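The values are calculated or read from the model by the stated rules, or taken from the named source; none is laboratory data. Just so it is clear, the model here is predicted, and its values are computed rather than measured. Positions of Cβ are backbone-derived with ideal geometry, glycine not excepted, and every protein chain shown enters the neighbour counts. The area values use the complete protein model at the heavy-atom level, side chains included, leaving out ligands, DNA and RNA. Shrake-Rupley method; radii C 1.70, N 1.55, O 1.52, S 1.80 Å.
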Amino acid sequence: MQEKLDQIKLDALAALEGIDNKETLDAWQVKYLGRSSTIMDVFKSLGTLSQEEKPLVGKAANLVKIALETASGDKENQIKQQRISQALVSEKIDITLPGRRAVSGGLHPTTQTLREIYRVFGDMGFQISLSREVETDQYNFQMLNFPPYHPARDMQDTFFLRSDEDRGDDPLMLRTHTSPGQIHAMLEHTRIYPDNPPPMRIILPGMCYRYEQITARSEIQFNQVEGLAVGKGITFGDLKGTLINFARRMFGQDANTRFRASHFPFTEPSAEMDVSCFLCGGNGCSVCKGAGWLEILGCGMVHPTVLKNGGFDPEVYSGFAFGMGPERITMMRHHIEDIRYFWANDLRFLEQF
Ligand SMILES: [Zn+2]
């Protein structure tokens, strides 16, 4: 009987030797350890043996069974390990492949124009002064010489931050122009230098808001760049020299300029500056509507009342101010016919710049 058991063990282990996958191992287990395997037949035949033989054969058969089970478990582990190392090779990630490029954004066309304006005025010694977008009626209108019920207010209807009943005497609003920044900047300057303040030259860029019907020509939000120079003995000649210089640096050395009389509550005298059309060279085209001139900015000598509101003595100090719309300049330069493109977030438009 012992010989038979040895033979069973030898046959089973020999068959196990060549197995290298889970399926054939399962089949092997059924054949050599399953219910109708030869080793199980030995256990089943124990009943026919004598009392002396039974424990001896039973023990020997059990040892064979345990040996086969152990060998089978080892084989199973070996197959598992093999599969893992194969996967490590076949499913390896090639980290040397180049990655997908991230889409890079660009500067908004208005930002590009703004930066050019900063550069030109920066060269002329102007500093950039940022100011708040939420203003009081006091700063947005009254200190700029727009008293309540002044007709010029009609052109600058805005968004209020509180309802009619809660507005009070000095309502909060979104600023309609960057000009209130002039008052803040002048007051800060004269607070720092209460006696004999040195001259100041600043530009004030930023977003402005107006309650408008949105059309191809008008938006409820837009940028402005305002400029201000205050000092002793500043004249209209300084204003013209500065702005003509700006026009040449911005639009080309052969850009012509002209000044037309105008009116603003916060400057006196006031003017509008035109630049010879940089698209047709002044011959007339659809952008300049045949005129050969493009209106670029409004300007003037700072009104004495505004100087006084900024803490300057208008008997001693004078100054000039100007304001322009970077979107408008961008539109003229690139022949953009609809201002709504600027804030519509349409990549087809933005990617062109
Ligand atoms: Zn033109």
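Listed by first and then second residue, the pairs linking a residue in the stretch 84-113 that is at positive phi to a residue that is open to solvent by 70 Å² or more (accessible area, probe 1.4 Å) and not acidic (Asp, Glu), with Cβ atoms under 6 Å apart and 6 or more places separating them unless they lie on different chains, form an empty list. Taking GLN81, is it over 30 Å from GLU188 (Cβ atoms), open to solvent by 60 Å² or more (accessible area, probe 1.4 Å) and modelled with pLDDT of 90 or more? Spelling it out, GLN81 is indeed over 30 Å from GLU188 (Cβ atoms), open to solvent by 60 Å² or more (accessible area, probe 1.4 Å) and modelled with pLDDT of 90 or more. For the stretch 225-241, indicate whether the set of residues that are among the aromatic types (Phe, Trp, Tyr), farther than 30 Å from PHE160 by Cβ, within 16 Å of the ligand (Cβ to nearest atom) and in contact with a strand residue (DSSP E or B) (Cβ under 8 Å, 6 or more places away or on another chain) is non-empty. Checked against the condition, which is being among the aromatic types (Phe, Trp, Tyr), farther than 30 Å from PHE160 by Cβ, within 16 Å of the ligand (Cβ to nearest atom) and in contact with a strand residue (DSSP E or B) (Cβ under 8 Å, 6 or more places away or on another chain), the stretch 225-241 yields no hits at all.
Any chance the stretch 304-315 includes a residue that's within 16 Å of the ligand (Cβ to nearest atom), touching a residue at least 12 places away in the same chain (Cβ under 8 Å) and surrounded by fewer than 22 Cβ atoms within 10 Å (Cβ to Cβ)? Looking through the stretch 304-315, none of the residues is within 16 Å of the ligand (Cβ to nearest atom), touching a residue at least 12 places away in the same chain (Cβ under 8 Å) and surrounded by fewer than 22 Cβ atoms within 10 Å (Cβ to Cβ). Within the stretch 60-108, being closer than 30 Å to ALA344 by Cα and touching a helix residue (DSSP H, G or I) at 6+ places or on another chain (Cβ under 9 Å) holds for GLY105, GLY106, LEU107, HIS108.
Go through the residues of the stretch 134-156 one by one and say whether even a single one is touching an Asp or Glu at 6+ places or on another chain (Cβ under 6 Å) and outside any strand (DSSP E or B). Yes, the stretch 134-156 contains at least one residue that is touching an Asp or Glu at 6+ places or on another chain (Cβ under 6 Å) and outside any strand (DSSP E or B).
Please go through the stretch 108-130 and give me each residue that is among the polar types (S, T, N, Q) and touching a Pro at 6+ places or on another chain (Cβ under 7 Å), ordered by number. Answer for the stretch 108-130, where residues must be among the polar types (S, T, N, Q) and touching a Pro at 6+ places or on another chain (Cβ under 7 Å): THR110, THR113. Kindly indicate the residue of the stretch 42-78 that is surrounded by 13 or more Cβ atoms within 10 Å (Cβ to Cβ) and of a type in the set (Lys, Arg) and also farthest from ALA15 (Cα to Cα) among those meeting that condition. Result: LYS54. Taken over the stretch 203-228, the criterion of being over 19 Å from ILE329 (Cα atoms) and buried (at least 22 other Cβ atoms within 10 Å of the Cβ) is satisfied by LEU228 alone. Among the residues making up the stretch 229-242, those that are within 15 Å of ILE296 (Cα to Cα) and either surrounded by fewer than 17 Cβ atoms within 10 Å (Cβ to Cβ) or touching a Phe, Trp or Tyr at 6+ places or on another chain (Cβ under 6 Å) (or both) are LEU239, LYS240. For ARG340, the test of being at pLDDT below 95, within 16 Å of the ligand (Cβ to nearest atom) and under 34 Å from the mean Cα position of the chain (by Cα) is failed. When ARG340 is tested against (1) free of Cβ contacts under 8 Å to residues at least 12 places away in the same chain; (2) open to solvent by 50 Å² or more (accessible area, probe 1.4 Å), exactly one condition is not met: (1).
For the stretch 252-292, a residue qualifies if it is open to solvent by 30 Å² or more (accessible area, probe 1.4 Å), within 16 Å of the ligand (Cβ to nearest atom), of a type outside the set (Ser, Thr, Tyr) and not in a loop (DSSP other than H, G, I, E, B), and exactly one does: ARG258. Selection of the stretch 247-277 for residues being touching an Asp or Glu at 6+ places or on another chain (Cβ under 9 Å), within 25 Å of GLN112 (Cα to Cα) and not charged (D, E, K, R) yields MET250, ASN256, THR257, MET273, VAL275, SER276. Applying the selection to the stretch 103-136, what residues are of a type in the set (A, V, I, L, M, F, W, C), open to solvent by 90 Å² or more (accessible area, probe 1.4 Å) and farther than 21 Å from THR330 by Cβ? VAL103 - this is the single residue of the stretch 103-136 that is of a type in the set (A, V, I, L, M, F, W, C), open to solvent by 90 Å² or more (accessible area, probe 1.4 Å) and farther than 21 Å from THR330 by Cβ.
Within the stretch 281-294, residues that are in contact (Cβ under 8 Å) with a residue 40 or more places away in the chain have Cβ atoms under 6 Å from residues that are within 7 Å of the ligand (Cβ to nearest atom) and open to solvent by 60 Å² or more (accessible area, probe 1.4 Å) in these pairs: VAL287/LEU279, counting only partners at least 6 apart in sequence or on another chain. Would you be able to tell me the number of residues in the stretch 163-199 that are touching a residue at least 24 places away in the same chain (Cβ under 8 Å), of a type in the set (A, V, I, L, M) and open to solvent by 10 Å² or more (accessible area, probe 1.4 Å)? Total satisfying the criteria: 4.
When the stretch 200-229 is filtered for residues that are part of a loop (DSSP other than H, G, I, E, B) and within 19 Å of THR136 (Cα to Cα), the ones remaining, listed by number, are ARG210, TYR211, ILE220.
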